[in-house]
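Quick notes on the structure that follows.
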Amino acid sequence: MTLDLRPIESSMLLQELKKQAFNLPPSDRLALVSAIIESLQDTSISKPERSGAIRRMRGLLKTDQSAPTDEEVAAMLEEQRVEKYLQ
């Protein structure tokens, strides 16, 4: 089965496209995914979207605890190494 990568008519709904994609053989679905990714690589993300995403990610990293000291980090790393290699 050959995958037709012509532009999709605007009348085709996303649900219809998904339904058709699930009916394709795996190799054709991979070709479709590749084509979609390729089309997105040329799309630029606007600066406001990017800065908003960065703010949200920074918020995920916030904590009420203070940052660990160098000694505490060294102890955590040593503990992980012991668990990984000696157990």
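Some points to look at:
- Between GLN80 and SER51, the FRET efficiency estimated from the beta carbon spacing at R0 = 25 angstrom works out to 0.15.
- Enclosing the Cα atoms of segment 47-87 in their convex hull gives a volume equal to 118 cubic angstrom per residue.
- Rolled with a 1.4 Å probe across the full set of protein chains, the surface gives SER27 an accessible area near 80 Å².
The values are calculated or read from the model by the stated rules, or taken from the named source; none is laboratory data. Since the structure is predicted, the reported quantities are computational estimates derived from the model, not experimental observations. Note that we place each Cβ from the backbone using ideal geometry, even for glycine, and neighbour counts take in every protein chain shown. Calculation scope for accessible area: heavy atoms of the full protein, side chains included, ligands and nucleic acids excluded. Shrake-Rupley method; radii C 1.70, N 1.55, O 1.52, S 1.80 Å.
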